[in-house]
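See below for the structure under consideration.
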Amino acid sequence: MKTTIRLETTIIVACVLGLAVASPARAQLDKLLKEAFPPTERPASIGLTDAKIVAGLREALQIGTQNAVKLTGRRDGYLANQAIKILMPDELRRAERTLHAVGFGEQADEFVVSMNRAAERAAPAALSIFFDAASAMTFDDARRILHGGDTAASEYFKTRTTDKLAVAFHPTVKQAMNEVGVTRQYKTLADFAQSLPFVNVDAIDLDSYVGGKALDGLFHVLGEEERKIRADPAARVTVLLREVFGK
């Protein structure tokens, strides 16, 4: 009975200390846990240290971003995914039916394809920025992500990387749009639509439009990858992921 009480008391004290102690006192806490729970008797959850949680979250983020970039950065990665497909800007979408009706349907369709091709080319530029954000994660970040919602990691990335990604995407998107003819096609469609009665097409920053939609799509796919890791044991492809997300 005394042994049981001692162990229970040790667990409570250790849990309180685990939330309050600074890192120099960590060794003392580990020693206390080892005395209370020999390796063969220690509960599995006790072994989930701060460092392991951070490492597990970083690994999940890296795997999730690799998968997201791979899925979006390939041919039809955006175009064939209805959830992230980049559609005509609102300024032109209002005239889209008319454009098809008067023989500009093929040009309109090609314009949509070209925007998505530009996004697909830009997606790989996100990988190094995502990895930098994962490396900078603190224990507090990791704890919030681990116990957050289904897309908490994706929201963390969105908060930490959107500005950097917008800067990184801009030259890639601009170059890709020039190569696939997005700007030229947009000007042709906008000029023609402007000549139609009752149609007013406002000028837009096409680089920012495509770049912003590309980022929205990338974060959407990243969120889907995160949901898989959290909900599906088969998506936890490493020992560390199974250990951290299996708790």
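Things to note:
- Only one of the numbered conditions (1) within 18 Å of Ala101 (Cα to Cα); (2) modelled with pLDDT of 80 or more; (3) of a type in the set (D, E, K, R) is violated by Asp191, and that is (2).
- When we screen Thr159, Thr65 for residues that are assigned to a helix (DSSP H, G or I) and touching a residue at least 12 places away in the same chain (Cβ under 8 Å), the only hit is Thr65.
- Among residues of region 179-201 that are over 18 Å from Ala118 (Cα atoms) and outside any helix (DSSP H, G or I), none has a Cβ under 7 angstrom from a residue that is open to solvent by 70 Å² or more (accessible area, probe 1.4 Å) and at pLDDT 75 or above at a sequence gap of 6+ or on a separate chain.
- Condition met for Ala108 (in contact with a helix residue (DSSP H, G or I) (Cβ under 7 Å, 6 or more places away or on another chain), of a type in the set (A, V, I, L, M) and open to solvent by less than 80 Å² (accessible area, probe 1.4 Å)): yes
- Any hit, region 170-185, residues being open to solvent by less than 30 Å² (accessible area, probe 1.4 Å) and at pLDDT 85 or above: yes
- Residues of region 89-105 that turn out to be among the β-branched types (Val, Ile, Thr) and either surrounded by 14 or more Cβ atoms within 10 Å (Cβ to Cβ) or without any contact (Cβ under 8 Å) to a residue 24 or more places away in the chain (or both), as a count: 1
- Exclusive hit being assigned to a helix (DSSP H, G or I), among the aliphatic types (A, V, I, L, M) and open to solvent by less than 50 Å² (accessible area, probe 1.4 Å), set Ile145, Ile86: Ile145
- Qualifying residue in region 8-16 (condition: surrounded by 14 or more Cβ atoms within 10 Å (Cβ to Cβ), at pLDDT 90 or above and hydrophobic (A, V, I, L, M, F, W, C)): no
- Considering residues of region 216-226 that are closer than 12 Å to Phe130 by Cβ and in contact with a Phe, Trp or Tyr (Cβ under 8 Å, 6 or more places away or on another chain) only, the residue surrounded by the fewest Cβ atoms within 10 Å (Cβ to Cβ): Phe219
- Looking across region 113-138, the residues that are open to solvent by less than 20 Å² (accessible area, probe 1.4 Å), out of contact with any Phe, Trp or Tyr (no Cβ under 6 Å at 6 or more places or on another chain) and under 18 Å from Asp205 (Cα atoms) come down to Ser114, Met115, Ala118.
- Hits in region 225-245 (condition: in a helix (DSSP H, G or I) and in contact (Cβ under 8 Å) with a residue 24 or more places away in the chain): Glu225, Glu226, Arg227, Ile229, Arg230, Ala231, Leu240, Leu241, Glu243, Val244, Phe245
- Residue, modelled with the lowest pLDDT, within region 151-169, restricted to residues that are open to solvent by less than 20 Å² (accessible area, probe 1.4 Å) and over 10 Å from the mean Cα position of the chain (by Cα): Phe169
- Enumeration of residues in region 53-69 that are over 12 Å from the mean Cα position of the chain (by Cα) and open to solvent by 60 Å² or more (accessible area, probe 1.4 Å): Arg58
The values are calculated or read from the model by the stated rules, or taken from the named source; none is laboratory data. All values reported here derive from a predicted model rather than from experimental measurement. Every residue, glycine among them, receives a Cβ derived from its backbone with ideal geometry; neighbour counts consider all protein chains shown. Surface accessibility is based on the protein's heavy atoms, side chains included, excluding ligands, DNA and RNA. Shrake-Rupley method; radii C 1.70, N 1.55, O 1.52, S 1.80 Å.
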